[in-house]
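Participant: Mind looking over this structure? Questions follow.
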Amino acid sequence: MGDCEGWHGDNPVNISPRHEDWPLSRAEFEARLHQVGEARYHDKHRFHDRLHGGQCTMDEVQAWVINRWQYQSSIPMKDAAFLSRCRDPDLRRIWRSRIEDHDGAVENGGGIRRWLRLAQGVGLDPAYVASGRGVMPATRFIVDAYIRFVRDEPLIAAMASSLTEMFAPAIHTQRIAGLLAHYDFADPETIAYFGHRLTEAPKDVQFTLDWVLTHAVTRADQEAAIAALTFKTDVLWAQLDALWSGYVEGHIPPGAWKPGEGQMADRP
Ligand SMILES: O=C(O)c1cc(C(=O)O)c2c(n1)C(=O)C(=O)c1cc(C(=O)O)[nH]c1-2
């Protein structure tokens, strides 16, 4: 047969795996995950430049708070969906802290209550925001896709989809500085949500990244994890595309919040 290196015809005795099927080393795999964030994370979306740079109108800020509520309030539901299929008590014990971070205890609440404090700070009635009435249809569909993904996909992909949080501390740091510099509503209390995430997200990432790097050992599982992270960057990016179309360009879809609705001042 002579020199047949790299030849993969239908010779049944040639069973060596093709190069593209070889598992990535741990370092290569981790680098590929980071590349997804570098290329596609929503810190590069023009809406964030506008928000952090102080160019958003208060209507745009309110639209962001209302729509992002859909994401915030669904995160514990997607984590509950994850727990519902997880047979390992050690994994469940670690994962449930994500729900605790958002729901908190009765007295002080958690991230969800802090988001509603932000809503109040930007002049919205928190009960209106919590009702979810003003959320755009696109935002609902996108967030719903994330919950379904975590509920239905293999465990490694479900876990890897949360790894966008690797890139979140940098955007939260930018956001804290940008909001404090440019908007009167911003003070340590109204934007407390983001400060808390600076310690919560790295704790989640440390565990999940190690778990994914350790358990995704075949090339197929590694590629599935990278694809899951890519999907999740789409979830985040598409929400901002919808927001831009609705409230920067002014194409507000039927049923979505209209500027002036749900204001704190309208509270009986
Ligand atoms: O403000 C942001 O840019 C941002 C991004 C992300 C993310 O990367 O998914 C999360 C959050 N914030 C966040 O606050 C949060 O609680 C959170 C949970 C998750 C997740 O997928 O489980 N992502 C994120």
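The values are calculated or read from the model by the stated rules, or taken from the named source; none is laboratory data. Remember, predicted model here, so these are calculated numbers, not experimental data. No Cβ is skipped: glycine too gets one built from the backbone with ideal geometry, and neighbour counts run over all protein chains shown.
Participant: So is Arg148 basic (Lys, Arg) and at pLDDT 95 or above or not? Show your work before the answer.
Facilitator: Values: basic (Lys, Arg): yes; at pLDDT 95 or above: yes.
Criteria met by Arg148.
Participant: Can you tell me which condition Thr190 does not meet? The list is (1) polar (S, T, N, Q); (2) in contact with a Leu (Cβ under 6 Å, 6 or more places away or on another chain); (3) assigned to a helix (DSSP H, G or I), and all the others hold.
Facilitator: All conditions are met except number (3).
Participant: Can we say Leu118 is within 14 Å of the ligand (Cβ to nearest atom), surrounded by 16 or more Cβ atoms within 10 Å (Cβ to Cβ) and assigned to a helix (DSSP H, G or I)? First the steps, then the outcome.
Facilitator: Details: within 14 Å of the ligand (Cβ to nearest atom): yes; surrounded by 16 or more Cβ atoms within 10 Å (Cβ to Cβ): yes; assigned to a helix (DSSP H, G or I): yes.
Yes, satisfied.
Participant: Still on this model: Take the range 158-187 and flag every residue that is among the acidic types (Asp, Glu) and in a helix (DSSP H, G or I).
Facilitator: Going residue by residue through the range 158-187, those that are among the acidic types (Asp, Glu) are 165, 184, 187.
Listed by number, the list holds a single entry, Glu165.
Participant: Based on this model, can you work out whether His251 counts as in contact with a helix residue (DSSP H, G or I) (Cβ under 6 Å, 6 or more places away or on another chain), without any contact (Cβ under 8 Å) to a residue 12 or more places away in the chain and of a type outside the set (Lys, Arg)? I'd like the intermediate steps shown before the answer.
Facilitator: Values: in contact with a helix residue (DSSP H, G or I) (Cβ under 6 Å, 6 or more places away or on another chain): yes; without any contact (Cβ under 8 Å) to a residue 12 or more places away in the chain: yes; of a type outside the set (Lys, Arg): yes.
In short, yes.
Participant: Give me the residue from the range 24-39 that is under 18 Å from the mean Cα position of the chain (by Cα) and surrounded by 19 or more Cβ atoms within 10 Å (Cβ to Cβ) and, out of that set, nearest to the ligand (Cβ to nearest atom).
Facilitator: Applying the filter and picking the extreme gives Gly37.
Participant: Is there any pair linking a residue in the range 61-83 that is under 13 Å from Ile142 (Cα atoms) and modelled with pLDDT of 95 or more to one that is polar (S, T, N, Q) and more than 12 Å from the ligand (Cβ to nearest atom), with Cβ under 7 Å and at least six apart or on different chains, and which?
Facilitator: Note: pairs meeting the criteria are Asn67/Thr139; Gln70/Thr139.
Participant: Return the pairs, sorted by first residue and then second, in which the second residue is part of a helix (DSSP H, G or I), the first residue lies in the range 188-203 and is among the small types (Gly, Ala, Ser), the beta carbons are less than 6 Å apart, and the residues are 6+ apart or on different chains.
Facilitator: Matching pairs, first to second residue: Ala192/Arg114; Ala201/Glu165; Ala201/Ala168; Ala201/Pro169.
Participant: Here's another thing I want to ask about it. Restricting to the range 208-242, and then to whatever is surrounded by fewer than 16 Cβ atoms within 10 Å (Cβ to Cβ) and farther than 26 Å from Phe141 by Cα, can you tell me which residue is modelled with the lowest pLDDT?
Facilitator: Val217
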